[in-house]
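The values are calculated or read from the model by the stated rules, or taken from the named source; none is laboratory data. Given the structure is predicted, the values throughout are model-derived calculations rather than measurements. When we count neighbours, we look across all protein chains shown, and the Cβ atoms used for this are built from the backbone with ideal geometry, even at glycine.
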Amino acid sequence: MADSSAVEKALANEISIILGVEAAQLKHDAPLHSLGMDSMSFVELLVFIEKQFKLNLMASGLNKEDFQTIASLAGKISRETAAK
Amino acid sequence: MEWFPYSEDKRYLSGIDWVINALDYKSRQDTGLGNFSQLVLELESKLDGKLFCEKIGIFLNHYPVITGRVSRDFNFCPYWRVESGKRVKFSFAQRALNPEEEALPLIFVFANAGLKAGEYLSFFLVTGANTSFLAVKFDHRLFDAAGIEAFLSLFEEYCLTQKATPVTPALKPGLCAWGKKFIAGKMVNRFFLKLRKGLKPITFAGEAAQAFNFLPLFFDADKSAAIYARSLSEAGYLMFMPFALAKSLQSMDKAVKRDGDYLVPVNVNLRPQSSAESIFFNHLSFLFFRVNRSMVNTGTQLCRELALQFFEQTKAKVSDNLAQAAGLMRIAPLPLVAALLDKFMGGKSAAFAFSYLGESAFHKKSFCGCSVKNIFHLPLIPLKPGIGIFFTRYNDCLNLTLVYAKGALSEAQAAALAQELKNNL
């Protein structure tokens, strides 16, 4: 299983690049849309996840509980990689 | 490292800026109007027109970029030549509503009038007893939709603090990384070849039209929340764009019978996040969605199909490649670029243009001392496709504008389409 905190760090780093903000400014428990993410930036993040973690999350239904925050998304990635 | 002659009076145009200039050229050829749009602020009290006109006049002169024009550098790179020292020209008109008179029809007339030569902004204020509508006409060569919203936000800050935020819209000529640009061009070419294969041409009754009709739809906070909840269950988290596009396609299919596949270009905002440096000029690109007609009425499956195309195009860097490849076209004069844009589509056209801007970049709740009730856009669109569906959001309320060139849709078709959009969302 991928270390959830390492995944969180990688996600925060990528989101900071996509949004053009400092990674340290990003709250890991805040909804992604409140950080300024929209459909375009979210899909960019999903592309990053596929490249980095070899997971295609587009097929998983993108439910709010799993995708809404950096922390919940990191948890989802950790679980999916462990199940592979 | 790239060397470029820095000058505050010179801002090099990006490839996308040059495409927007080509669309302006084409719009002038087709309709006599340029490539411009309107942002409308609905205010909850009467705005003092004289005071606004004075303040905006002073404010605009802090941004000499609004005086510029397109020029070519010694290296053939097109740039925006800022005419520092010149006063910014703009128009302002005001009209008081008669009892029983509505503001929007007056604004639609304003939206169909061109900008005067040398002007990039024009304002039209309609006032009622306790309400005002301020329509801001802006030239797309200088502002995109999110840019003008952010610019009005700066103006509101200026009204409150009397300090104008300095903006230096610098851009290097980008005459480097040719290999990367050519590879992007090759990818774009392949993408368009695949995209247009087997696509049936659409006949446009509106080709000679020189006027546009607007049908704005407004949704209150409760209805907007219900629409977002529906998009969440049907398309997934942060998938409002594919959801709104799916609903638009389904509505179009029901209201306007058409044969063959649907092709829809979608504007995407390439700004990392709104910043003062990206207020001026264009920071956007495009994605293209193609949907088989048999797929349109498959309900949530259509949302999934569009989300998948969105993902695949993002993965293939379609919008980035378009922006890169457009850099190669800057050498070409505007008539040639306009012809090339047609050639990419093989003379065929999209079914309609679509965009979802997301939450407004005008983050204020008031404007010149008046509470802002709503903000929406009334864009003009190129005659091919001649029909546009545009979603925006302000203060958690969703707005939708259906725009069509007169003749591209009949009034009955447009009314049916608006009704379908209302029903489907």
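Quick rundown of the values:
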| read-out | value |
| --- | --- |
| Residues of the stretch A:61-76 satisfying the condition of being assigned to a helix (DSSP H, G or I) and either more than 9 Å from chain B (Cβ to nearest Cβ) or acidic (Asp, Glu) (or both) | A:65, A:66, A:70, A:71, A:72, A:73, A:74, A:75, A:76 |
| Condition met for residue B:84 (under 23 Å from residue B:59 (Cα atoms) and touching a Pro at 6+ places or on another chain (Cβ under 8 Å)) | yes |
| Hits in the stretch B:273-293 - residues which are out of contact with any Ser or Thr (no Cβ under 8 Å at 6 or more places or on another chain) and farther than 16 Å from residue B:149 by Cβ | B:288, B:289, B:290, B:291, B:292, B:293 |
| Exclusive hit being over 20 Å from residue B:198 (Cβ atoms) and crowded, with 20+ Cβ neighbours inside 10 Å, set B:276, B:307 | B:307 |
| Selected residue (only one of B:302, B:328, B:336 is among the aliphatic types (A, V, I, L, M), more than 14 Å from chain A (Cβ to nearest Cβ), outside any loop (DSSP other than H, G, I, E, B) and under 22 Å from residue A:39 (Cβ atoms)) | B:302 |
| Scan of the stretch A:59-84 for residues that are over 19 Å from residue A:29 (Cβ atoms), modelled with pLDDT of 85 or more and not hydrophobic (A, V, I, L, M, F, W, C), ordered by number | A:80, A:81 |
| Residue in the stretch A:40-50 that is over 24 Å from residue B:318 (Cα atoms) and within 11 Å of chain B (Cβ to nearest Cβ) present | no |
| Output for the stretch A:37-84, where each listed residue is of a type in the set (Lys, Arg) and buried (at least 18 other Cβ atoms within 10 Å of the Cβ) | A:76 |
| Selection status of residue B:212, within 14 Å of chain A (Cβ to nearest Cβ) and either exposed (fewer than 15 other Cβ atoms within 10 Å of the Cβ) or under 29 Å from residue B:323 (Cα atoms) (or both) | no |
| Exclusive hit being of a type outside the set (D, E, K, R) and surrounded by fewer than 18 Cβ atoms within 10 Å (Cβ to Cβ), set B:244, B:225, B:235 | B:225 |
| Of residues in the stretch A:23-36 being in a loop (DSSP other than H, G, I, E, B) and at pLDDT 90 or above, the one surrounded by the most Cβ atoms within 10 Å (Cβ to Cβ) | A:26 |
| Residue satisfying condition, being touching a strand residue (DSSP E or B) at 6+ places or on another chain (Cβ under 7 Å), of a type outside the set (Asp, Glu) and either away from every other protein chain (no Cβ under 14 Å) or not in a strand (DSSP E or B) (or both), within set B:384, B:373 | B:373 |
| Residues within the stretch A:51-60 that are facing chain B (nearest Cβ under 10 Å) and assigned to a loop (DSSP other than H, G, I, E, B), tallied | 1 |
| Residue that is in contact (Cβ under 8 Å) with a residue 24 or more places away in the chain, assigned by TED's automatic domain parsing to the domain that holds residue B:417, hydroxyl-bearing (Ser, Thr, Tyr) and part of a strand (DSSP E or B), where the choices are B:285, B:251, B:319 | B:285 |
| Exclusive hit being assigned by TED's automatic domain parsing to the domain that holds residue B:14 and surrounded by 17 or more Cβ atoms within 10 Å (Cβ to Cβ), set B:129, B:150, B:117 | B:150 |
| Looking only at the stretch B:4-43, and only at residues there that are of a type in the set (Ser, Thr, Tyr) and assigned to a loop (DSSP other than H, G, I, E, B), the one that is nearest to residue B:95 (Cα to Cα) | B:14 |
| Candidate set from the stretch A:9-33 (those that are at the interface with chain B (Cβ under 8 Å from one of its Cβ atoms) and hydrophobic (A, V, I, L, M, F, W, C)); member that is nearest to the chain's Cα centre (by Cα) | A:32 |
| Tally, over the stretch A:6-22, of residues that are in a loop (DSSP other than H, G, I, E, B) and surrounded by 13 or more Cβ atoms within 10 Å (Cβ to Cβ) | 2 |
